[in-house]
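The values are calculated or read from the model by the stated rules, or taken from the named source; none is laboratory data. Because the structure is predicted, anything quoted here is derived from the model rather than measured. So basically every Cβ, Gly included, is an ideal-geometry build from the backbone, and we count neighbours across all protein chains shown. Just the protein is used for accessible areas: all its heavy atoms, side chains included, with ligands, DNA and RNA removed. Shrake-Rupley method; radii C 1.70, N 1.55, O 1.52, S 1.80 Å.
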Amino acid sequence: MTEIKSWAFWRAVAAEFVGMLLFIFIGISAIAGKNEIAPQETLAQELKVSLAFALAIATLAQSLGHISGAHLNPAVTLGLLVSCQISALRCVFYILAQMLGAVVASAIVNGFKPSFSLGVNKLSNVSVGQGFIIEFLATLQLVLCVIAVTDKRRSDVKGSAPLAIGLSVGLGHFAAISFTGCGINPARSFGPALIRSDMKDHWVYWLGPMCGGVAAALIYDFLLYPRMQNLRRRRDVLLHGQADENDASETVQEDNSNPGPSHWPKH
């Protein structure tokens, strides 16, 4: 219970809620008017939406990374759990906060534009199996990027890690938006779908990204750049969190703590 008694933990959970609310609000607001555009404007609209999501995640990661790590995606949170960089407790609370933030943001946009589809993700000219593969691979590259650029063992990362993650989100949208609407974030798919009561093929937007996040963690940790942590160390992190997450004192050090892999490289 050490972690749950810490104010830093609850501030981190609140940051995930606020960050997801802003992320979804910006993203689905950028989609507004998509149903009314002419066919020849589809490419420009897809570019606009892709850039909106990419820039939003880069900005929010820079703004909130020092508080919660700015996961802002259940697939990222699950990937970091599998990588043994956050505790199981933090994983559960983060995902709940992310889902709640997505629902609130979707409800807000629905309030001022009730006739709008809210950008509910739907499969387009692909089967559910193909949609799963697209979501899986697009999310795999995103979570792989997150784990790689925030790896504290590296000293070669130059530039901005949040920007790299934002670009990864943009890449995922460029690849998948025409086929699946590009979920790559179960909470992003869940919020609009719940508000619009449109859950058709919704499992694709959960199972695909979550499996992609898990696969990315396993590939990076055990194949590409193996971590030397022993099983006891991994167990301790899963149960109790990182050592610097558990300081329940109200100190400057606690305010500057950075859970999991979200210690952004200082370059």
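Brief remarks on what is shown
- Where a residue in the stretch 6-35 is under 23 Å from Phe116 (Cα atoms) and its partner, wherever it lies, is small (Gly, Ala, Ser) and surrounded by fewer than 18 Cβ atoms within 10 Å (Cβ to Cβ), with Cβ under 7 Å and at least six apart: Asn35/Ser117
- Asp221 in a helix (DSSP H, G or I), at pLDDT below 95 and open to solvent by less than 40 Å² (accessible area, probe 1.4 Å): yes
- Scanning the stretch 97-136 for residues that are in a helix (DSSP H, G or I) and either closer than 12 Å to Ala32 by Cβ or free of Cβ contacts under 8 Å to residues at least 12 places away in the same chain (or both) yields Val109, Asn110, Gly111, Phe112, Gly129.
- Residue that is nearest to Phe222 (Cα to Cα) [pool: residues in the stretch 100-115 that are open to solvent by 40 Å² or more (accessible area, probe 1.4 Å) and either hydrophobic (A, V, I, L, M, F, W, C) or in contact with a Pro (Cβ under 7 Å, 6 or more places away or on another chain) (or both)]: Leu100
- Taking the stretch 22-73 as the range and being open to solvent by 70 Å² or more (accessible area, probe 1.4 Å), among the aliphatic types (A, V, I, L, M) and either at pLDDT below 90 or touching an Asp or Glu at 6+ places or on another chain (Cβ under 6 Å) (or both) as the test, only Leu43 passes.
- When the residues of the stretch 4-21 are filtered to those that are modelled with pLDDT under 95 and open to solvent by 10 Å² or more (accessible area, probe 1.4 Å), the one that is farthest from Ala107 (Cα to Cα) is Lys5.
- Looking only at the stretch 83-98, and only at residues there that are open to solvent by less than 40 Å² (accessible area, probe 1.4 Å) and not small (Gly, Ala, Ser), the one that is farthest from the chain's Cα centre (by Cα): Cys84
- In the stretch 128-182, the qualifying residues are those that are at positive phi and buried (at least 17 other Cβ atoms within 10 Å of the Cβ), and the one that is farthest from the chain's Cα centre (by Cα) is Gly181.
- Cβ pairs under 6 Å, 6+ apart, first in the stretch 186-202 and touching a residue at least 12 places away in the same chain (Cβ under 8 Å) and farther than 20 Å from Phe53 by Cβ, second of a type in the set (A, V, I, L, M, F, W, C) and part of a helix (DSSP H, G or I): Asp201/Val128
- With respect to (1) under 20 Å from the mean Cα position of the chain (by Cα); (2) at pLDDT below 95; (3) basic (Lys, Arg), the lone exception for Arg233 is condition (1).
Residues checked against (1) at pLDDT below 95; (2) β-branched (Val, Ile, Thr):
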residue	(1), (2)
Ile147	no, yes
Ser155	yes, no
Ala164	no, no
Ser168	no, no
Gly172	no, no
Thr180	no, yes
Gly191	no, no
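- Among the conditions (1) among the aliphatic types (A, V, I, L, M); (2) buried (at least 20 other Cβ atoms within 10 Å of the Cβ); (3) modelled with pLDDT of 95 or more; (4) more than 15 Å from Ala216 (Cα to Cα), the only one that Leu118 does not satisfy is (3).
- Per-region count, the stretch 1-32, residues over 19 Å from Leu55 (Cβ atoms) and not in a helix (DSSP H, G or I): 6
- Residues of the stretch 177-192 satisfying the condition of being within 18 Å of Leu72 (Cβ to Cβ) and in a helix (DSSP H, G or I): Pro186, Ala187, Arg188, Ser189, Phe190, Gly191, Pro192
- The conditions of being without any contact (Cβ under 8 Å) to a residue 12 or more places away in the chain and over 11 Å from Gly131 (Cα atoms) are not met by Met210.
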